């Protein structure tokens, strides 16, 4: 058996439903045809239709911008165990 560890990298993220929408998330929403993202603070979740599947972003999830510009949700408990804030 071979063991692996995650490479250290920095990501951009925000807390969905509680923090302002960053431009990169708004751009991703527009690219995939989701145009009502600006009202997300008034809802508990939104769903974006990606070509391969639908992805739901729930209030309280962290939204992460991946290394290739992709966006995806992460449960806040998992996020806090995996990431720490860069000062």
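Every number in this text was worked out from the coordinates using simple rules, so none of it is lab data. Bear in mind the structure is a predicted one, so any value in this text is a computation, not a measurement. Counting neighbours? That spans all protein chains shown, and the Cβs are built from the backbone with ideal geometry, glycine included.
Structure values in brief
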item	result
Restricting the stretch 66-87 to residues that are part of a loop (DSSP other than H, G, I, E, B), exposed (fewer than 11 other Cβ atoms within 10 Å of the Cβ) and without any contact (Cβ under 8 Å) to a residue 24 or more places away in the chain, the residue that is nearest to the chain's Cα centre (by Cα)	68
In the stretch 1-26, the residues that are within 14 Å of residue 66 (Cβ to Cβ) and loosely packed, with under 12 Cβ neighbours inside 10 Å	6, 7, 9, 10
